[in-house]
Amino acid sequence: MLWDEKLVEENAKTKNPLGEGRVITYTQALQEALVLKLKQDSRVFLLGQGVDDPGGMFGVTRGLKEMFGAKRVFDTPVSEEGMTGICTGAAMTGMRPVYFHNRPDFLLLAFNQLVNHASKIHYMDAGKTSVPLVIWSAIGRGWGSGPQHSQAIQGLLLSVPGLKIVMPSTPYDAKGLLLGAIEDNNPVIIIEHRWLMKQQGVVPEGIYTIPFGKGVYRRRGEHLTIVGTSQTLQLALAAIDQLKAEEGITADVIDLRTVKPLDEAIIFESLAKTGKLLVVDTGWAMGGVCAEVGCLVAEKAFHLLKAPIRRIGLPDAPSPAGYTLEQFYYPTDVTIAQTIKEMVRGK
Amino acid sequence: MLWDEKLVEENAKTKNPLGEGRVITYTQALQEALVLKLKQDSRVFLLGQGVDDPGGMFGVTRGLKEMFGAKRVFDTPVSEEGMTGICTGAAMTGMRPVYFHNRPDFLLLAFNQLVNHASKIHYMDAGKTSVPLVIWSAIGRGWGSGPQHSQAIQGLLLSVPGLKIVMPSTPYDAKGLLLGAIEDNNPVIIIEHRWLMKQQGVVPEGIYTIPFGKGVYRRRGEHLTIVGTSQTLQLALAAIDQLKAEEGITADVIDLRTVKPLDEAIIFESLAKTGKLLVVDTGWAMGGVCAEVGCLVAEKAFHLLKAPIRRIGLPDAPSPAGYTLEQFYYPTDVTIAQTIKEMVRGK
Amino acid sequence: MIKYQYRGKGPEHLLALARNHERAQLLALFFTMLRIRMIEEAVESRYHEDQMKTPIHLAIGQEAVSAGYSAALEPSDYVFCGHRTHACYLAKGGDLKAMFSEFFCRANGCAGSRGGSMHLLDKSVGMMGSSAIVAGAIPLATGSALSSYLKDEKRVTTVFLGDAAVEEGVMWESLNFALLKKLPIVYVCENNYYSVCSPIEYRQPPVEICKKAEGFGALSFSVDGNNVLEMYEIAQRAVAHAREKGPVFIEAHTYRWRGHHGSGDDSHTGYRDVQELALWQSQDPVLMMKQVMYSLGYLDEASERVMREKIELEIDAAFEHAIHSANPVKEDLCKFVYSEGDTHVVG
Amino acid sequence: MIKYQYRGKGPEHLLALARNHERAQLLALFFTMLRIRMIEEAVESRYHEDQMKTPIHLAIGQEAVSAGYSAALEPSDYVFCGHRTHACYLAKGGDLKAMFSEFFCRANGCAGSRGGSMHLLDKSVGMMGSSAIVAGAIPLATGSALSSYLKDEKRVTTVFLGDAAVEEGVMWESLNFALLKKLPIVYVCENNYYSVCSPIEYRQPPVEICKKAEGFGALSFSVDGNNVLEMYEIAQRAVAHAREKGPVFIEAHTYRWRGHHGSGDDSHTGYRDVQELALWQSQDPVLMMKQVMYSLGYLDEASERVMREKIELEIDAAFEHAIHSANPVKEDLCKFVYSEGDTHVVG
Ligand SMILES: Cc1ncc(C[n+]2csc(CCOP(=O)(O)OP(=O)(O)O)c2C)c(N)n1
Ligand SMILES: Cc1ncc(C[n+]2csc(CCOP(=O)(O)OP(=O)(O)O)c2C)c(N)n1
Ligand SMILES: [Mg+2]
Ligand SMILES: [Mg+2]
């Protein structure tokens, strides 16, 4: 097994799921959401490169073609812009496509359809047309994927009106947010992370949805507020758990779940207590989710802030392919812990 | 003449150019830069849809085909992604393309080549290849252009490593920054604004360049710091000039000139005096240039801040086509003045 | 120099074809064309008043394409188009009042003043929408055809596009997918030889557009787009084929009499020869058909006058309607950014 | 089920063609193929060690395409390719040590460990670069050909692409532009019938890829990509045509023996029939050529052994080199994000 697959698997093993109930993996949770919706709603269909192949999108879509037929679950040409427009057109005319990509990097081919079309049609048509479209992709960090295969591009889409952007971090959320995305009448981009795919978690059976724009506390604490999503939030949790054990440092850790819409209230609520903000994101620190959350707080909750905001994302460089350079590139629980310590010690 | 052309023309007439020297228009200044470089450097060539037609990109490229030949100044197919890659490939192999678009909206078709290729190749090739490419476009606000023809998308590109983003606001800067862009060895995106094209200004003859990442004070004052670029900065200047005359409110007004790289030092320098920051931008307020500048200050100059940051950009909605809706959509000198007053009065 | 010759078979051929059609059908076709012509001329005649604050892309000279083609469609069939919307919208039965209201930026415009002239839609008659992005509607229409395939409907979707739209790669991505799934779609390319002021020879090598589509495997036709009956007959074959067997591509040769946008001819600017325009005007699709109608005795001065008066009345009423309709209000601005609509499940 | 038959003329034809070529030429071609095969097998045999932390896309089974084609190029000609880089890089003369260093993520890798296996380049031999984005290199290569046109050079640029790359619209945008300007470029499509695990029948209607290119107006060839001499002969014609007259498109039919990426065959997963693989393996391009060499008396066991030993020594030395080279250091991470290089003016 390759180094990063091993890492992901081990990581999944060491982290035991919290709570009571049925335990399944992240990919199983996602698949369950798809099965439920495919059964319930004949308008839903799945497509994407290799959606029906033996890999089946990390296993998420494996077997679904056999279950629901080749008409509703199908492979596509390698034509991201065209297929995004085709999905948009299908959504405009009554269907509910769920379009899978292996990596968010490939969404860059479809920005015209995403930004100029899918996200604007409801507005442009004065509400007469809706575009219930789900676009799914998983950040491909690791395995030497390199500059064109590891990007986290949510920051590039954050300011686009009409889009919703979902970034789950647990199997429970992954399922509930995907169900919510399929039910939503707008284009929803789901950005998963490859490194979460083998995670286990408690996941209820049946349909449930997690509201968009509502964050959740993953930890409660005193010294600072940490805000983020997805895999970087998991790192932050590891960091704070360690710091709590070692140095008694605690934090409110807020999982935003969706970055657009973005739950301002929960951030302000927490800051009223802690006065210190750390924003973490899988994308570039500059100009993306970190910047938006940081600015939002400096704008609307300035009086709550007791210290400078800190942000942890990627440096202003493309993601390098090589293993060693990758180690320098990505934040880790250790580097996050370091920043937390600086913030708490007031350095 | 259409309403917005009239407006732009009148605006240009009422604003008399400051300073001594030769006065020319914004488009003349841009053309001059092109002529100088085409004469000086045989590697430079110009292309774009209609670059050689009677319109000639607001007049910027008019007559250049006749002057430099159809081989070096040429029209292109309507293939933005392809042509961006073609320009990138030409730049990789020793040429220096200047690629013109009427509107930034069309750049969205080329995000794959811009973000996955042009901006990454130098890094990906470990410095062995450079991509000296200039991409020029002008925000198409007005004339009922609507959601797909008026966008200011600099915010979407801000976090992309390897790109430079230039947003001039005066004829002098437009020429000097374009000259600098053509001399730069990296992909440079120039985002102009249609409403500035008829402006007059003092512009030196010959070649001069304006360094990237160096802002400039357009006004000096006491009560707050206003940071921005392009046409919105012009509105902010109108607002503060009015407020100074009427109420004695003064501001440091900083024109960033380039948003990537971004001049942090000048912002912090000014904030040390004023303690209050207003960021203005032609793009969406959320997640773009405003967010980055705001967060930057809350992160690195928090101790200088005496009040919440404010940002003025576009609301979280597509740009509507209709005249009346446009009036509600865009910030004006009046709405900016209102915000400034609130900030100074400490509301 | 005349670059683009009329290559059709002229009025005699129109007359010959006319003999195979019913009087009523011929009258209806003529009426559709005449109505489009008169509406376009009326819009043009008022455009200088600057009350229609929207770009206009007049179809004058190209009426036979939409008129002839759309007559072969069922009311339940769908149409999409690009920026040159007027004729497609009217030929499909789009509401004139709602169109004029849109031009006048009124709240009751067909796109609620959000879209302007480049975004006309009337879903009650199957006019599904348009995109101001060249080729942007092509995948949308293909997606609409995918919906029909998924729903086992016999509905045909048609998309009108210009000669420049085939330069966008998404045209070929869409056609490839449509052929792969044998979708019920017709691509109607109005080749008027220009993209804005760029002649086709600056954008494409000398290869027939329909040959490209043929190379991809589509049933393809080359048609005299100034001959409404040739257009109609080919459309009938195309629509029947699309409904039962799959994609069809039609290249209709025609010519735009006015400037790319706005009112009036712009040949004097030099990008095309006035002789070329004169040549094509001598093959006026409306006049040719009128003469055929006269020579067949299906129309005379009196009945033509009745027709014209009817259309004039309709136009006047529509202008009245638009001019006296209300502008949008501030609260409208941020409506319809997101669809809150039902998520009704279809079992 | 065997979906994709071998359609070439088999070993007899190879032998027949061989009679028209010099012994030295044939030996050189065989050596190139054998070297690629042995290098690929060596990489594969060590991949499980997990020291080459990079995705690999092996060319085993497809060697004749790059080997035969590249023999027709001048050293000064340029080559670009996609993610399946190894054979193209080696056939153009790329440095093996730098390639292995890249695989081992070393600082002295050909892309400085930034690009990984999907970004091989060696500009000293005209191997200009590659893109991990399907079809991403196609416009880059077209731009390189544009450079040659602008510089009045006789250099030919070639881009290798897969059968899926023609599904990206940018392929057709690029070809259209190349034909428009008659650029010196050859597009070599290696049709191995699969994109990852997706058979071509899921992605394209049953139309020959080269017919599409022909429809666009390109001189097009369909070639047995397992026959190195057919490949070489067509390449000579293609390169000569490209150098003097303009674009050529070659579709080379071949087959990938290993999984899409990584090591080993993956036919057992069910996306392709093991019989199909066996069929194509019975048309082994390297073995076929070897047998021809033996039957012509140009090679015998002794001379073959000498060849193999030479290659083995080279491979061992290259592994030694790579394994003992230094990893990048932290300071390398943010190098080369921007080019500070000269802006030397060429008059
Ligand atoms: C992606 C994109 N690029 C450029 C433009 C600018 N543009 C608007 S209309 C037009 C001409 C299109 O020509 P054609 O498709 O032949 O249609 P016609 O106007 O002749 O009907 C162009 C280039 C655009 N709207 N979208
Ligand atoms: C734009 C884009 N979409 C999807 C992918 C994922 N991907 C990587 S390789 C590949 C297969 C390409 O198949 P083909 O072009 O036939 O080349 P082959 O691997 O067969 O040599 C795909 C789909 C990608 N890299 N880029
Ligand atoms: Mg046209
Ligand atoms: Mg393939």
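The values are calculated or read from the model by the stated rules, or taken from the named source; none is laboratory data. Predicted model only: the values in this text are computed from it and were never measured. Counting neighbours? That spans all protein chains shown, and the Cβs are built from the backbone with ideal geometry, glycine included.
Quick look at the values:
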{"quantity": "Filter result (out of contact with any helix residue (DSSP H, G or I) (no Cβ under 7 Å at 6 or more places or on another chain) and more than 16 Å from D:His261 (Cβ to Cβ)) within the stretch D:113-128", "calculated": "D:Leu121, D:Lys123, D:Ser124, D:Val125, D:Gly126"}
{"quantity": "Condition check for C:Glu244: away from every other protein chain (no Cβ under 14 Å), closer than 29 Å to C:Ala98 by Cβ and either surrounded by fewer than 18 Cβ atoms within 10 Å (Cβ to Cβ) or not aliphatic (A, V, I, L, M) (or both)", "calculated": "no"}
{"quantity": "Per-region count, the stretch B:26-35, residues over 14 Å from B:Val134 (Cβ atoms) and over 16 Å from the mean Cα position of the chain (by Cα)", "calculated": "4"}
{"quantity": "Filtered residue count, the stretch D:222-241, keeping only those that are farther than 18 Å from D:Leu26 by Cα and buried (at least 23 other Cβ atoms within 10 Å of the Cβ)", "calculated": "2"}
{"quantity": "Which listed residue, of B:Gly127, B:Gly94, is more than 25 Å from A:Gly146 (Cβ to Cβ), away from ligand 3 (no atom under 16 Å from the Cβ), at the interface with chain D (Cβ under 8 Å from one of its Cβ atoms) and surrounded by fewer than 24 Cβ atoms within 10 Å (Cβ to Cβ)", "calculated": "B:Gly94"}
{"quantity": "Residue in the stretch D:301-314 that is over 30 Å from D:Gly112 (Cα atoms), in a loop (DSSP other than H, G, I, E, B) and either away from every other protein chain (no Cβ under 12 Å) or of a type outside the set (A, V, I, L, M, F, W, C) (or both) present", "calculated": "no"}
{"quantity": "Some residue of the stretch A:53-69 being within 14 Å of chain C (Cβ to nearest Cβ), in contact with a helix residue (DSSP H, G or I) (Cβ under 9 Å, 6 or more places away or on another chain) and at negative phi", "calculated": "yes"}
{"quantity": "Filter pass, C:Ile250 being of a type in the set (A, V, I, L, M), crowded, with 16+ Cβ neighbours inside 10 Å and under 26 Å from C:Thr32 (Cβ atoms)", "calculated": "yes"}
{"quantity": "Count - residues of the stretch D:169-194 that are within 22 Å of the chain's Cα centre (by Cα) and of a type in the set (Asp, Glu)", "calculated": "1"}
{"quantity": "Some residue of the stretch A:205-223 being within 14 Å of another protein chain (Cβ to nearest Cβ), at pLDDT 95 or above and surrounded by 24 or more Cβ atoms within 10 Å (Cβ to Cβ)", "calculated": "no"}
{"quantity": "The stretch D:195-229: number of residues that are within 16 Å of the chain's Cα centre (by Cα) and farther than 20 Å from C:Ser174 by Cα", "calculated": "7"}
{"quantity": "Filtered residues of the stretch A:17-30 (kept if modelled with pLDDT under 95 and among the hydrophobic types (A, V, I, L, M, F, W, C))", "calculated": "A:Leu18"}
{"quantity": "Residue satisfying condition, being modelled with pLDDT under 95, crowded, with 19+ Cβ neighbours inside 10 Å and more than 26 Å from D:Gly136 (Cβ to Cβ), within set A:Ala33, A:Ala12", "calculated": "A:Ala12"}
{"quantity": "Single condition C:Lys335 does not satisfy, out of (1) within 14 Å of chain A (Cβ to nearest Cβ); (2) more than 18 Å from C:Ala107 (Cα to Cα)", "calculated": "(2)"}
{"quantity": "Among the residues listed as B:Thr324, B:Thr250, B:Thr339, the single one being modelled with pLDDT of 95 or more, closer than 28 Å to A:Tyr123 by Cβ, touching a Lys or Arg at 6+ places or on another chain (Cβ under 8 Å) and polar (S, T, N, Q)", "calculated": "B:Thr339"}
{"quantity": "Which numbered condition B:Gly155 fails, given (1) more than 8 Å from every other protein chain (Cβ to nearest Cβ); (2) in a helix (DSSP H, G or I)", "calculated": "(1)"}
{"quantity": "Residue in the stretch D:114-129 that is closer than 21 Å to A:Asp105 by Cβ, over 15 Å from the mean Cα position of the chain (by Cα), among the basic types (Lys, Arg) and away from chain C (no Cβ under 14 Å) present", "calculated": "yes"}
{"quantity": "Some residue of the stretch D:187-195 being farther than 22 Å from A:Leu47 by Cα and away from ligand 4 (no atom under 16 Å from the Cβ)", "calculated": "no"}
{"quantity": "The stretch D:199-214: number of residues that are crowded, with 23+ Cβ neighbours inside 10 Å and more than 16 Å from ligand 2 (Cβ to nearest atom)", "calculated": "0"}
{"quantity": "Flag for C:Val166 being under 17 Å from the mean Cα position of the chain (by Cα), within 11 Å of chain D (Cβ to nearest Cβ) and within 27 Å of D:Leu179 (Cβ to Cβ)", "calculated": "yes"}
{"quantity": "Per-region count, the stretch D:236-255, residues touching an Asp or Glu at 6+ places or on another chain (Cβ under 9 Å) and in a loop (DSSP other than H, G, I, E, B)", "calculated": "2"}
{"quantity": "Scan of the stretch D:173-221 for residues that are closer than 24 Å to D:His57 by Cβ, of a type in the set (Asp, Glu) and touching a strand residue (DSSP E or B) at 6+ places or on another chain (Cβ under 9 Å), ordered by number", "calculated": "D:Glu190"}
{"quantity": "Within the stretch C:178-235, tally of residues that are within 9 Å of another protein chain (Cβ to nearest Cβ), within 16 Å of ligand 1 (Cβ to nearest atom) and part of a helix (DSSP H, G or I)", "calculated": "4"}
{"quantity": "The stretch D:155-177, residues that are in a helix (DSSP H, G or I) and away from ligand 3 (no atom under 16 Å from the Cβ)", "calculated": "D:Ala165, D:Val166, D:Glu167, D:Gly169, D:Val170, D:Met171, D:Trp172, D:Glu173, D:Ser174, D:Leu175, D:Phe177"}
{"quantity": "Selection from the stretch C:66-90 of residues that are small (Gly, Ala, Ser), within 13 Å of chain A (Cβ to nearest Cβ) and crowded, with 24+ Cβ neighbours inside 10 Å", "calculated": "C:Gly82"}
{"quantity": "Residue selected from the stretch A:121-149 under the condition within 16 Å of the chain's Cα centre (by Cα) and within 30 Å of C:Ser147 (Cα to Cα), by the criterion farthest from ligand 4 (Cβ to nearest atom)", "calculated": "A:Val134"}
{"quantity": "Residue within the stretch B:273-289 that is under 30 Å from A:Ala126 (Cβ atoms) and in a helix (DSSP H, G or I) present", "calculated": "yes"}
{"quantity": "Sole exception among (1) of a type in the set (Asp, Glu); (2) surrounded by fewer than 22 Cβ atoms within 10 Å (Cβ to Cβ); (3) farther than 30 Å from A:His101 by Cβ for D:Glu63, by number", "calculated": "(2)"}
{"quantity": "Output for the stretch A:142-152, where each listed residue is more than 7 Å from every other protein chain (Cβ to nearest Cβ) and surrounded by fewer than 23 Cβ atoms within 10 Å (Cβ to Cβ)", "calculated": "A:Gly142"}
